[in-house]
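Enquirer: Attaching a single structure in structure tokens format; questions to follow.
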Amino acid sequence: MAQAKYTTHQGMNDILPGEVEKWQALERLIHREARKFNFEEIRTPVMEQTELVVRSVGRETDIVSKEIYSFTRGEDNYVLRPEGTAPVVRSYIQHHLDQRGGTQKFYYIGPMFRAERPQKGRLRQFHQFGIEIMGTGNAVADAECIAFMIHIYDVVGIKNTTLKINSIGDPASRDNYKQALTDYFTPLKDKLSEVSRKRLEKNPLRILDSKEAEDRPLVENAPRIADFLNPESKNHFEQVKLLLGELEIPFEEDPLLVRGLDYYTRTAFELISPDLGAQDALAGGGRYDLLAEEIGGPSTPAIGFAAGIERLLLACEELEIDIPGLLADQVDIYIVSLGEEGRKWALKHLPKLRRHGVSATMDYDGRSMKAQMKDANRKNARFAIIVGENELKENRFTFRDMEASEEISLPFDSIVEKVVT
Ligand code: HAM
């Protein structure tokens, strides 16, 4: 086959028929389950103002410093959104959604963009579903947020996961902790990996999630955030753990979990799958109690998470799980029509079938009977209606069960009845 002249960008994939049915099934499942938890869907544009993302995610993060797709057009600065939280918070502030009263519970599904080095489970255009619970600082919201995340994987059938949680406290405790890390790592600088040496200057917290072998023993002995938390953060973390216990959600405390975005305060968590290889984070999230104020809105404690859809699908593939509710790539009826009159009849009767909720198609090109039957097979048609000169004359049509290879002659209305029941 000739090589295509134009192709997708690296790390940005077409989702083709055959694959797209899984996405549709998963999206249906997310919409349905989100409703059960009383989350409302929110859709924001894929482009935002650069400054919003820089202020929210953090100038020194990998996402902003290396991975952002941005451009200017006239006076305006655009970024392709690298994540969904900042846009949702921006929307909440812009539309005064706090004035609807009570806690606001949103969910979203959509594409995100990060110019990372593509590999298995790591793309440049990837898709997330996520939730944001805004307007409450109560640990009950943390528990519900995590419960929803686990619930989705449970319903899909991915049970073998590890929930890691940590508290990264308020900004003051975190600044003290960062100082302690700087004091600890600086004399060891020469033993650190090159990435970590850079992180030491910009954000020593990120050394903690370094995957470099030479960093591991140094990280093991580094000071722990738990010793720097203020009493409120400590107490909040204790409550979250207690509530998870009550919900019978198993978790591991991971003092090295810091997350790669700057807006987090207090609770941070990740869901890990051993079935994914290097990119093993299925989902991640946490509290961001100060973000709304930071970007010019009212003080709004909030928590949320986001999950990678491609990684969820990879885990399904690995575990040989079919997404529940997957619809077969099938059509109910293929009308095989012969001659001009047959084709007219087919075109007129397709809408009648579809009005009855039956999926139906036909050949548009007047191909031979053999070619049309082949096409019906290729499209996995359950039934074929064969419309030739004789059938039209008698007003009875050959109705063929494709799987059983059985045919009977019936009037159109009886065929509809048979397929609908
Ligand atoms: P995040 O940890 O950056 O958090 O991303 C969440 C999930 O998105 C990851 O666990 C992973 O499954 C998926 N993901 C991230 N980057 C890629 C990529 N390049 N390719 C494929 N999948 C990827 C956030 O985005 C936060 N906004 C989560 C949040 C919501 N925190 C509070 N509310």
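Enquirer: Using the charge dipole of the chain (Lys, Arg: +1 at Cβ; Asp, Glu: -1 at Cβ; taken about the Cα centre), state which of Met134, Pro223, Ile335 has its Cα farthest towards the positive end.
Expert: It is Ile335.
Enquirer: Which aspartates and glutamates, if any, have their Cα less than 20 Å from the Cα of Lys352, not counting same-chain residues under 8 positions apart?
Expert: Lys352 reaches Asp332, Glu340, Glu341, Asp363, Glu391, Glu394, Asp401, Asp413, Glu417.
Enquirer: A further question follows. With θ set to phi - 60° and the Karplus curve 6.51 cos²θ - 1.76 cosθ + 1.60, what are the ³J(HN,Hα) couplings of segment 70-82 in order, to the nearest whole Hz, using x for Gly and Pro?
Expert: After applying 6.51 cos²θ - 1.76 cosθ + 1.60, I find 9, 7, 10, 9, x, 7, 9, 10, 10, 10, 6, 4, x Hz.
Enquirer: Specify the residue with the greatest mean-square fluctuation among Val54, Val387, Val240, computed from a Gaussian network of the chain linking alpha-carbon atoms under 10 Å apart.
Expert: Maximum among the listed residues: Val387.
Enquirer: Determine the relative contact order of segment 333-420: mean sequence separation of Cα pairs under 8 Å and six or more apart, normalised by residue count, in whole percent.
Expert: Relative CO of segment 333-420 lands at 31 percent.
Enquirer: So what's the gap between the Cα centers of segment 197-220 and segment 359-421, to the nearest angstrom?
Expert: Centre-to-centre distance over Cα atoms comes out at 66 Å.
Enquirer: Next question, about the same structure. How fast does segment 274-421 diffuse by Stokes-Einstein, in µm²/s, taking the Kirkwood radius from C-alpha pairs at 25 °C and 0.890 mPa s?
Expert: 127 µm²/s
Enquirer: Under a point spin-label approximation (7 Å from Cα along Cα-to-Cβ), what is the Lys159-Ile408 distance to one decimal in nm?
Expert: So the two model labels end up 4.4 nm from each other.
Enquirer: Also, quick follow-up: So what is the 222 nm mean residue ellipticity for the chain from helices alone, if each DSSP H run of at least 4 adds -39500 (n - 2.57) and you divide by all residues, rounding to the nearest 500 deg cm²/dmol?
Expert: Helices in the chain give a 222 nm mean residue ellipticity of -11500 deg cm²/dmol.
Enquirer: Using a simple spin-label model with points 7 Å from Cα along the Cα→Cβ vector, what separation in nm is obtained for Gln24 and Glu320?
Expert: Label at Gln24, label at Glu320, 2.6 nm between them.
Enquirer: Would you mind working out the magnitude of the charge dipole of segment 72-183 relative to its Cα centre, with +1 at each Lys and Arg C-beta and -1 at each Asp and Glu C-beta, to the nearest 20 Debye?
Expert: In debye, rounded to 20, segment 72-183 gives about 540.
Enquirer: Between Arg197 and Lys211, what length comes free when the chain is fully extended (0.36 nm per residue of separation minus the Cα-Cα distance, one decimal in nm)?
Expert: Fully extending the segment from Arg197 to Lys211 adds 3.7 nm.
Enquirer: Enumerate the calculated ³J(HN,Hα) couplings along segment 249-262 in order (Karplus 6.51 cos²θ - 1.76 cosθ + 1.60, θ = phi - 60°), each rounded to whole Hz, writing x wherever the residue is Gly or Pro.
Expert: Rounded to whole hertz, the list is 9, x, 8, 10, 7, 10, x, 9, 6, 10, 6, x, 10, 7.
Enquirer: Quick one: with all protein chains in place, what share of the accessible area of the chain is carbon or sulfur, to the nearest percent (1.4 Å probe)?
Expert: Taking all protein chains in place, the chain shows 48 percent carbon and sulfur surface.
Enquirer: Any idea what the alpha-carbon Rg over 2.2 N^0.38 Å comes to for segment 333-420?
Expert: Working it through for segment 333-420, the quotient is 0.96.
Enquirer: Are there any helices in the chain, counted as whole DSSP H runs, that stretch 18 Å or more along their axis by Cα and score at least 1.0 on average by Kyte-Doolittle, and if so which?
Expert: Details: long enough: 20-36 (24 Å, -1.15); 139-156 (26 Å, 1.42); 171-185 (20 Å, -1.19); 231-246 (22 Å, -0.81); 339-355 (25 Å, -1.50).
Going by DSSP H runs, the hits are 139-156.
Enquirer: Here's something else I'd like to know. Which value, in Å², gives the accessible area per residue of the chain when a 1.4 Å probe is used on the protein heavy atoms? Could you put the intermediate results ahead of the total?
Expert: Values: 21870 Å² over 421 residues.
That works out to 52 Å² for each residue.
Enquirer: Determine the principal axes of the Cα atoms in the chain, then give the extent along each, sorted from largest to smallest and rounded to whole angstroms.
Expert: 92, 51, 47
Enquirer: Here is a follow-up. Pop the C-beta distance of Asp14 and Lys234 into the FRET formula with R0 = 56 Å and round what comes out to the nearest 0.05.
Expert: For Asp14 and Lys234, the calculated efficiency is 0.70.
Enquirer: Which distance in Å, rounded to a whole number, links the C-alpha centroids of segment 83-137 and segment 247-299?
Expert: Between the Cα centre of segment 83-137 and that of segment 247-299, the gap is 13 Å.
Enquirer: Continuing with the same structure: Determine the gain in length on full extension of the stretch Tyr364-Asp183; use 0.36 nm per residue of separation and subtract their C-alpha separation, reporting nm with one decimal.
Expert: 57.7 nm
Enquirer: From the residues Pro187, Ile165, Pro17, which one has its Cα farthest along the dipole of the chain in the positive direction, the dipole being from +1 and -1 charges on Cβ of Lys/Arg and Asp/Glu about the Cα centre?
Expert: Sorting the options by dipole projection puts first Pro17.
Enquirer: Using a Förster distance of 60 angstrom, determine the FRET efficiency expected from the C-beta separation of Ser299 and Glu389, and round it to 0.05.
Expert: Working: r = 77 Å, r/R0 = 1.29.
Calculated value: 0.20.
Enquirer: A further question follows. For a quick protection proxy, order the peptides 304-314, 367-377 by their average other-Cβ count within 10 Å, most packed first.
Expert: The peptides rank, most packed first, as 304-314, 367-377.
Enquirer: Starting from the Cα gyration tensor of segment 133-227, take the square roots of the eigenvalues, sort them a ≥ b ≥ c, and report rounded, prolate or oblate (rounded when a/c is under 1.5, otherwise prolate if a/b is larger than b/c, else oblate).
Expert: Details: a/c = 3.22, a/b = 1.71, b/c = 1.88.
Oblate.
Enquirer: Based on the alpha-carbon gyration tensor of segment 57-98 and its eigenvalue square roots a ≥ b ≥ c, which shape applies: rounded if a/c is under 1.5, prolate if not and a/b is larger than b/c, or oblate?
Expert: Oblate shape, in that a/c is at least 1.5 and b/c is the bigger or equal ratio.
The values are calculated or read from the model by the stated rules, or taken from the named source; none is laboratory data. Remember, it's a predicted structure, so these values are computed and weren't measured experimentally. Using ideal geometry, Cβ is built from the backbone for each residue, glycine included, and neighbour counts are taken over all protein chains shown. The accessibility values were calculated without ligands, DNA or RNA, using every heavy atom of the protein model including side chains. Shrake-Rupley method; radii C 1.70, N 1.55, O 1.52, S 1.80 Å.
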